[in-house]
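Asks: Before I ask anything, let me first share the structure, which is written out below as structure tokens.
Just so it is clear, none of the values below were taken in a lab; they were calculated from the coordinates. Values in this document were obtained by computation on a predicted structure and should not be read as measured data. All Cβ positions, glycine included, derive from the backbone under ideal geometry; neighbour counts span all protein chains shown.
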Amino acid sequence: MAEYKIAVIRGDGIGIEVIEEGIKVLLAVGEAYDIKWNFVEFPWGSDYYFKHGSMMPTDALDTLAEFDQIYLGAVGHPEIQDHVTLNGLLLPIRRTFDQYVCERPSVLYPGINSPLKGVEGWDIDLVVIRENTEGEYANVGGFQYQGFSQEIGLQVGVFTRHGSERVITYAFEIARKRDKKRKVTSITKSNAQGYGMIVWDQAFERVAAKYPDIQTESLLVDAACMDFVRRPQDFDVVVASNLFGDILTDIGAIITGSMGLAPSGNIDPERRFPSMFEPVHGSAPDIMGKGIANPLAAIMSGSMMLRFVGQEQAAETIDSAVLKVVEAGEMLTPDLGGNATASQVGDAVLRAISS
């Protein structure tokens, strides 16, 4: 029997309810494939911040280091500035555990309507590999004359040859494994960011030379945003900096039907530390507590976690069950045009697994 110790941080807003459904599905496939889950929950996030003045305790990272993987719901609260929640929980976890890859697939499933005209199921099937530990999110900079009319804020993007090459190499390896279009697109803005993005561009050229079997293209981020809308079928693997990857994956989620269908993994490919799997959608305070959040992104983040630990068959079982549910179209949450609750969708996935 395979056994995994998983740290669960439900976090804020709809994270609480979607992780409930994700755990329910993971337990079901665990029974089917002889997998034992040891879930340990930590009540960290905005509620913890209101009580203690921090998003998690000072020894939280030491605690998480003892786990195989981390399963996260969402963080964010309308009464707390985003930079507090981001720098108080998400970024410390990603950096401490060197989760330098953020893998975010965007797939248009049959049965789901894209807002794009003339696009049908499976026409969009891409994955964005986002650099996850440096770039524009490095939080390097500072203030001068704060509070005065001369106030200055300096924000420095950090691009290293090592950091760029390793995430770009991961993208090429994924393109080989997918064996679809066998294409990697690099996202840049080196015409305006003539230092950091030049490091990125040159890293892409060096890595691409090692993969002559893979097609390549390099797009400015503004052109890439347009092309995600006008020619999403042409993309296969997209590799981007921290900021650009974040922006493009929101577009990728919307053109494939909903943020509620967007899973992700924050990954340490070398497996030295726990990786973290979470839906892309965030805490969505506008629908918090209504029970109508789409749990499919959290459920598919669970399948990404299974695939990462080598449980390919169990992961495929979840993915196939999700596909059955969305194709049938009978049990969907409001974001997909239905009226089902999160719990009802989770139950539908369980029925699809057992059928």
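Asks: Label region 266-355 by shape, choosing from rounded, prolate and oblate, from the square roots a ≥ b ≥ c of the eigenvalues of the Cα gyration tensor; if a/c is under 1.5 it is rounded, and otherwise prolate applies when a/b is larger than b/c, oblate when it is not.
Replies: It is oblate, given that a/c is not under 1.5 and a/b is not larger than b/c.
Asks: Grab the Cα-Cα distance for K324 and N139, subtract it from 0.36 nm times how many residues apart they are, and report the gain in nm with one decimal.
Replies: So the chain would gain 62.4 nm between K324 and N139.
Asks: What fraction of the DSSP beta bridges in the chain is antiparallel, stated in percent and rounded to the nearest 5?
Replies: Details: 21 of 49 bridges.
Of all bridge pairs located within the chain, approximately 45 percent are antiparallel.
Asks: Here's something else I'd like to know. Could you go through region 212-217 in sequence order and give the Karplus-derived ³J(HN,Hα) for each residue, using 6.51 cos²θ - 1.76 cosθ + 1.60 with θ = phi - 60°, rounded to whole Hz, and x for Gly and Pro?
Replies: Rounded to whole hertz, the list is x, 7, 10, 5, 9, 8.
Asks: Check the chain and count each lysine pair with an alpha-carbon distance under 26 angstrom, considering only pairs eight or more places apart or from different chains.
Replies: Value for the chain: 21.
Asks: Please give the peptides 233-240, 303-310, 209-216 ranked by average Cβ packing (other Cβ atoms within 10 Å per residue), highest first, as a rough proxy for protection.
Replies: Ranked from most to least packed, the peptides come out as 233-240, 303-310, 209-216.
Asks: Hey, what's the Kirkwood Rh for region 23-74 if you take every pair of different alpha carbons, in angstrom?
Replies: Answer for region 23-74: a Kirkwood hydrodynamic radius of 13.0 Å.
Asks: Taking only the alpha carbons of the chain, what extent do you get along each of the three principal axes, in Å, biggest first?
Replies: Reported extents, whole Å, longest axis first: 57, 51, 40.
Asks: Can you give me the Cα centroid spacing of region 292-355 and region 1-80 in angstrom?
Replies: 19
Asks: Taking +1 at the Cβ of each Lys and Arg and -1 at the Cβ of each Asp and Glu, which of P232, Q144, M197 sits farthest along the dipole of region 125-255 towards its positive end, judged by Cα position relative to the Cα centre?
Replies: Checking the options against the dipole of region 125-255, the answer is P232.
Asks: What is the extension gain from D222 to I152, computed as 0.36 nm multiplied by their sequence separation minus the C-alpha to C-alpha distance, in nm to one decimal?
Replies: 22.5 nm
Asks: May I pose another question? In nanometres, what is the gap between the two model label sites at R206 and L61, each 7 Å from Cα along Cα-to-Cβ?
Replies: Label at R206, label at L61, 2.7 nm between them.
Asks: Just to be sure I understand the curve: with the Debye formula and one point per C-alpha of region 125-255, what is log10 I(q)/I(0) at q = 0.15, 0.17, 0.18 Å⁻¹?
Replies: Result of the Debye calculation: -0.69, -0.85, -0.94.
Asks: Between F277 and residues 5 or more places away or on another chain, which pairs have amide H atoms under 5 Å apart, with H built 1.01 Å from N, and which residues are they?
Replies: Placed amide hydrogens put I70, Y71, L72, N266 under 5 Å from F277.
Asks: If you count, for each residue, the other Cβ atoms within 10 Å and average over each peptide, how do 73-80, 145-152 line up from highest to lowest?
Replies: In decreasing order of mean packing, 73-80, 145-152 become 73-80, 145-152.
Asks: Could you tell me the calculated FRET efficiency between H83 and R271, based on Cβ-Cβ distance and R0 = 25 angstrom, to the nearest 0.05? Could the numbers behind the result be given before it?
Replies: Details: r = 30 Å, r/R0 = 1.21.
Calculated value: 0.25.
Asks: A further question on this structure: Give the long-range amide H neighbours of L332: residues separated by 5 or more places, or on another chain, with amide H under 5 Å away, using H modelled in the peptide plane at 1.01 Å from N.
Replies: Close amide H contacts, sequence-distant or interchain: N339, A340.
Asks: Using the Karplus curve 6.51 cos²θ - 1.76 cosθ + 1.60 with θ = phi - 60°, what ³J(HN,Hα) values do you get for each residue of region 308-321, in whole Hz, with x for Gly and Pro?
Replies: 5, 8, x, 8, 4, 5, 5, 4, 5, 4, 5, 4, 5, 5
Asks: Shifting gears a bit: Multiply the residue gap between Q233 and V40 by 0.36 nm, knock off their C-alpha separation, and tell me the result in nm, one decimal place.
Replies: Stretched out fully, the Q233 to V40 stretch lengthens by 65.4 nm.
Asks: Quick one: dipole size for the chain, taken about the Cα centre, charges +1 on Lys/Arg Cβ and -1 on Asp/Glu Cβ, in debye to the nearest 20.
Replies: The calculation lands at about 620 debye.
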